[in-house]
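Novice: Okay, here's the structure, questions in a sec.
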Amino acid sequence: MPLNPAIKRRFRSIVGATGILEGGAGLKVYECDGYTLEKAIPEVVLLPSTTHQVSDLVTTCHEEGIAFVPRGAGTGVSGGCLPAGIPVMIATSRMRKIRAIDFDDRTIDVEAGVVNLEVTRRVEARGYYYAPDPSSQSACTIGGNVAENSGGPHTLKYGVTVNHVLAIEMVLPCGEIVELDRSAEAPGYDLGGVCIGSEGTLGIVTAARLRLLVKPQAVVTLLAVFADVVSASRAVSAIIAAGIVPAALEMMDALVIEAVEAAYHFGFPANAGAVLIIELDGLESAIDDLCERIGEACSESGASKVHRARNERERALLWKSRKRAFGAMGRLAPAYCTQDGVVPRSRLPEIVERIARVGERYHLRIANLMHAGDGNIHPLVLYDDSDEEEIRRVVCAGNEILEACVQMGGSVTGEHGIGVEKTGLMEAAFPPASIDAMKDFRSVFNPAGLCNPGKIFPTDRHCVELTRPRPRGGG
Amino acid sequence: MASTRNADDTTSAALVASLGPGQVRPGSRGEAVDGVQPHLVITARTAANVSTVVNEARANRLAIIPCGGGTQLDRGNPPRCFDIRLSLTGLASIIERHGEDMTVTAEAGVTLAQLNRALASRDQRFAVDAASPQQATLGGIVAANSGGGLAHSFGAPRDLVLGMRVIDGRGRSLVLGGRVVKNVAGYDLPRLFTGSWGTLGVITEVTLRTHPLAPQATTMRLSFEDPASLEHARVALFASALPLAAMDFSTGTASSSWTLQLRIEGTSSEVDYQIDRVRSLCASPDERLENQWLSSVHANTTSDLVVIGVTRPKQCVEIAEQMFAAARKHTSNVSVSAHAGLGPVYLGCSTQGPEQEIAIVTDLRTVTGACRARLLVSRCCAQVKPALDVWGQRPESFSLMANVKQRFDPDGILCPGRFVGRM
């Protein structure tokens, strides 16, 4: 049922004529996030620039019984901001103020629309940085990061978003503004801790207080080359077993290497079966020793070569190859689908073999990109999107891999979230009582279910539209 | 919230029948919480036992206080009623050590010392320091989200809990989170139960993230004549790239100086470098204690009154100084300590009874209130508690919290009256 014109007038009176988009091609960009198998166009997109405007908009929706979906930069990869059956989208991308920087407390207060990388840019001259670094960090916003509890390559040592957020300001689905304090010894339940990663189903995050870290004295990036993924996985275990916690420990297999080499010309060995990108940070006086120990662990696991990035330029190129690997995959196939699963790190060799078998059985090429140190795998299933039958095989293969992750004691998502994509896997991941408990928690915040319905929990949703997936990143 | 009634002989008999006579006995005065004596003390040996007790309590509206090593039962408002003291210390198995994965799964009654002994054989640890590691259980540490100084670098328990099993106040057996270090499937409910002080459910099992044991470690103590020079050092260290494992400070009426206590870990070259760097940044007398770490915050466990000023790192020295001065006006035996990188300030003092405790807390609340900090009462005599909410003023999100409590413990059987806002 279309929105009543009086309601649209009310929205306009809150955000002004420039803060509301309706009809026309302007809304096309809002039809999906990085998960492109489903699309839907909202009736209006609202672009508030203050928390009070968000509150007024949400209050209106609440009073009128209208469903709404929050959106950050739309870089999510599980359809968390898909407006399927939801007429109103509230995008926080115009809320870009940095409210306060406090170096004495090592905190920064930012609004939801501030871009992840911007946080580090604002403080790096003073020697600080914000640790969570999803691959999309030059575009994704803090509001979205908080909603998704975003990770990134450096979570191995430094943790994910939730470990770096000390307070959030949120507009509840009834329109009320609350601050959820997470500082040490703050009394009461850690509601903020649960809201982080709740995928926009408990309210709209409008601002957050983030923890800043002091830049380490020394950073070294190593590239270790292996004949195959299994020996690279063994090296991962050997490094962890040696009691070393690298800042990042990433793996790319031959297919990914082929794509990124073609795109960025780093100079990866053409015959490599897998590479590890290992970043170490810490005190200058200790870093060489650490490199040596890592080198030994890699060699003992069969590395043919361990190369230390010679300078900042080489280091940056190595990371560019890794972080933009998703973008490079378009060179290998007309389309690809990124999966996101987790296994206990010791089971990496096993899941890699399982993925290969799944690929063979479904006649699909699957490339492997992993936050190997965390056991977080990103199999990239390559396919031809003009082939309907192949698309079905892609979906089946993805589900089979994720179910294998669960059987090995892992998870169906390490950082991309459930969104709409994986609602069908929640029952594989949790017993019914645990899902009921999550719904109980949701009902405290979102009793009428108007805030981002259809996400996380299994429902009777049907696909809105199946179209060509565009290259999509994540992690 | 529903009121509860006392356990009678019928319920007691029913519990004995389901659990076995060795697990149920009458409570004693020594097992009282805030002066309220439990009618029954039940020792659970399995999660199924916990489930039985919770369901029996629901059916009969009995109040349960779950309890591990009992090291933190002082925290909280007085229970509205107290029928069953449910001991989890019988759930004491380490279920699985996943050495290569750096995770461990253990029952709630395993003590911190027991876990860390087991992990040490693989050069690992659960990086939490508690005041009494021999008594403190994993369930208790997680329920209280209470770490110590090591939270400075490793995070609080809530950052180290990957998953748990809980029997909630509705009697549901919940499997929450997982056993991998990265997981965003569904809501992160382990975070809800961590720090919920047993008011939403009884934790029976936890899966924790472990860390490598440091090859070398030392504790460095630096003395400062006054809070201003301590603050100077704190700022310098906090802004440095030194990966200090812990950074606490303390002073007291028994001490003539302010002491900064640092935990330094790493390879021997990393440790040596950090010591040198600390010396050049702080320029004050220091001593080293080889391989022992006791957070300054845990040093004083005998005070009559213990309070916590909840504040930010940049205010902690100033607030500690003001709290110290305010308490000294009342009593001659005061100590104050803080986690300098995290914020909270802990003050302990001896007192001459309830009137004096109320007067001290009132004065300290004025001091902290002026700095927009909150003051919690961690320990005091039971008679004082009815006069003041130990958690202080209700947080802004209190109505949400009360609603959460209602969903997970609708009959109000878990620690009724003890939490924030006397829920």
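Novice: Could you tell me the calculated FRET efficiency between A:Glu388 and B:Ala59, based on Cβ-Cβ distance and R0 = 51 angstrom, to the nearest 0.05?
Specialist: Approximately 0.35, to the nearest 0.05.
Novice: While we're here: Compactness ratio of region B:296-359: Cα Rg over 2.2 N^0.38 Å, N = residue count?
Specialist: Values: Rg = 11.4 Å, N = 64, 2.2 N^0.38 = 10.7 Å.
Dividing the Cα Rg of region B:296-359 by 2.2 N^0.38 Å gives 1.07.
Novice: Please list 3J(HN,Hα) in residue order for region B:274-288, calculated via the Karplus relation 6.51 cos²θ - 1.76 cosθ + 1.60 where θ = phi - 60°; whole Hz, with x for glycine and proline.
Specialist: Values, residue by residue: 5, 4, 4, 5, 4, 4, 6, 6, 9, 6, 8, x, 9, 9, 10 Hz.
Novice: Which whole-Hz ³J(HN,Hα) couplings does region A:16-24 yield from phi under the Karplus relation 6.51 cos²θ - 1.76 cosθ + 1.60, θ = phi - 60°, glycine and proline marked x?
Specialist: Coupling constants for region A:16-24: x, 5, 7, x, 10, 10, 8, x, x Hz.
Novice: Can you tell me the convex hull volume per residue for region B:1-83, based on C-alpha atoms, in Å³ to the nearest whole number? Can you show the working numbers first?
Specialist: Working: hull volume 8.3 nm³, N = 83.
In region B:1-83, the Cα convex hull volume per residue is 100 Å³.
Novice: Here's something else I'd like to know. Could you work out the helix-only [θ] at 222 nm for the protein assembly as shown, with each DSSP H run of four or more residues adding -39,500 (n - 2.57) and the total divided by the number of residues, to the nearest 500 deg cm²/dmol?
Specialist: Value at 222 nm, helices only, nearest 500: -9500 deg cm²/dmol.
Novice: Other chains' Cβ within 10 Å of A:397-409 residues: what's the mean?
Specialist: For this peptide, the per-residue mean of nearby foreign Cβ atoms is 1.
Novice: If eta is 1.567 mPa s and T is 4 °C, what Stokes-Einstein diffusion coefficient results for region B:202-243, Kirkwood Rh from Cα pairs, in µm²/s? Please list the in-between numbers first.
Specialist: Values: Rh = 14.3 Å.
The estimated diffusion coefficient comes to 90 µm²/s.
Novice: Pop a pseudo-label 7 angstrom from the Cα along the beta-carbon direction at both A:Thr459 and A:Lys215 and give the gap in nm to one decimal.
Specialist: 4.5
Novice: Could you work out the pair-distance distribution P(r) of region B:215-320 from its alpha-carbon pairs, with 10 angstrom bin width and percents rounded to whole numbers?
Specialist: P(r) for region B:215-320, in whole percents per bin: 13, 48, 32, 7, 0.
Novice: Within 11 Å, Cβ to Cβ, of B:Gln216, how many net charges do the neighbouring residues add up to if Lys/Arg are +1 and Asp/Glu are -1?
Specialist: -4
Novice: Given H placed on each backbone N at 1.01 Å, which residues far from B:Phe419 in sequence or on other chains put an amide H within less than 5 Å of it?
Specialist: It is B:Asn77, by chain and number.
Novice: Go ahead and run the numbers for FRET between A:Glu403 and A:Ala17, Cβ-Cβ distance against an R0 of 60 Å, rounding to 0.05.
Specialist: For R0 = 60 Å, the calculated efficiency reads 0.75.
Novice: Starting from the Kirkwood radius over alpha-carbon pairs of region B:237-376, derive D by Stokes-Einstein at 25 °C in a medium of 0.890 mPa s and give it in µm² s⁻¹.
Specialist: 154
Novice: Now, a different point. For the peptides B:307-319, B:181-193, what is the packing order when you average, over each peptide's residues, the other Cβ atoms within 10 Å and list the highest mean first?
Specialist: For the peptides B:307-319, B:181-193, the packing ranking is B:181-193, B:307-319.
Novice: May I pose another question? Starting from the Cα of A:Ala227, move 7 Å in the Cα-to-Cβ direction to define the label point; list residues of region A:277-300 whose amide nitrogen is under 17 Å from there.
Specialist: Of the residues in region A:277-300, A:298-300 have backbone N under 17 Å from the label point off A:Ala227.
Novice: OK, next. Averaged over every viewing direction, what's the projected area of the C-alpha convex hull for the protein assembly as shown? Give it in nm², one decimal, please.
Specialist: Seen from a random direction, the Cα hull of the protein assembly as shown projects 35.7 nm² on average.
Novice: Working from the pairwise distances between different alpha carbons, so that the mean of 1/r is found and then inverted, what is region A:140-242's Kirkwood radius in Å?
Specialist: Values: mean 1/r = 0.0618 Å⁻¹.
Answer for region A:140-242: a Kirkwood hydrodynamic radius of 16.2 Å.
Novice: How many percent of Cα pairs in region B:103-172 exceed 15 Å?
Specialist: Numbers: 1280 of 2415 pairs.
Taking all Cα-Cα pairs of region B:103-172, the fraction more than 15 Å apart is 53 percent.
Novice: Quick query: amide H of A:Thr107 versus all other amide H atoms, modeled in the peptide plane; which residues come in under 5 Å with a sequence gap of 5 or more or a different chain?
Specialist: Under 5 Å from the amide H of A:Thr107: A:Asp102, A:Leu212.
Novice: If each of B:Asp8 and B:Gln37 carries a label point 7 Å out from its Cα toward its Cβ, how far apart are those two points in nm?
Specialist: Between B:Asp8 and B:Gln37, the label points sit 2.1 nm apart.
Novice: How long is the gain from B:Ala387 to B:Thr253 if the chain were fully straight, where each residue apart is worth 0.36 nm and the alpha carbon distance is subtracted?
Specialist: Going from the current span to full extension adds 45.5 nm.
Novice: What distance in nm separates the two pseudo spin-label positions at A:Asp104 and B:Ala118, each 7 Å out from Cα along the beta-carbon direction?
Specialist: 4.6
Novice: So what's Rg/Rh here for region A:146-206, counting alpha carbon atoms and using the Kirkwood radius for Rh?
Specialist: When Rh is taken as the Kirkwood radius, the ratio is 0.99.
Novice: For region B:210-313, run through the GluC sites (Glu not before Pro) and keep only the ones in DSSP coil with at most 14 other Cβ atoms within 10 Å of their Cβ.
Specialist: Taking region B:210-313 and a limit of 14 other Cβ atoms within 10 Å, the loop GluC sites (Glu not before Pro) found are B:Glu225.
Novice: I'd like the mean, over residues of B:168-174, of how many other protein chain beta carbons sit within 10 Å of each residue's own Cβ.
Specialist: Mean partner shielding for this stretch: 4.
Novice: Ok, one more. Apply 1/(1 + (r/R0)^6) to the Cβ-Cβ distance of A:Glu284 and A:Arg121, taking R0 = 22 Å, and write down the FRET efficiency to the nearest 0.05.
Specialist: With R0 = 22 Å, the Cβ-Cβ based efficiency is 0.35.
Novice: What per residue convex hull volume, in Å³, comes out for region B:21-130 when only alpha-carbon positions are used?
Specialist: Value for region B:21-130: 122 Å³ per residue.
Novice: Anything over 25 Å Cα to Cα? Flag those among A:Lys8/A:Lys28; A:Lys439/B:Lys405; A:Lys422/B:Lys182; A:Lys320/B:Lys314, in the order listed.
Specialist: Check vs 25 Å cut-off fails for A:Lys320/B:Lys314.
Novice: Follow-up. At each listed q (0.12, 0.14, 0.16, 0.18 Å⁻¹), what is the log10 of I(q)/I(0) that the Debye formula gives for region A:1-140 modelled as equal alpha-carbon point scatterers?
Specialist: -0.54, -0.71, -0.87, -1.02
Values quoted throughout were computed directly from the atomic coordinates according to the rules given, and no laboratory measurement underlies them. No experiment lies behind these values; they were computed from the predicted model shown. Every residue, glycine among them, receives a Cβ derived from its backbone with ideal geometry; neighbour counts consider all protein chains shown.
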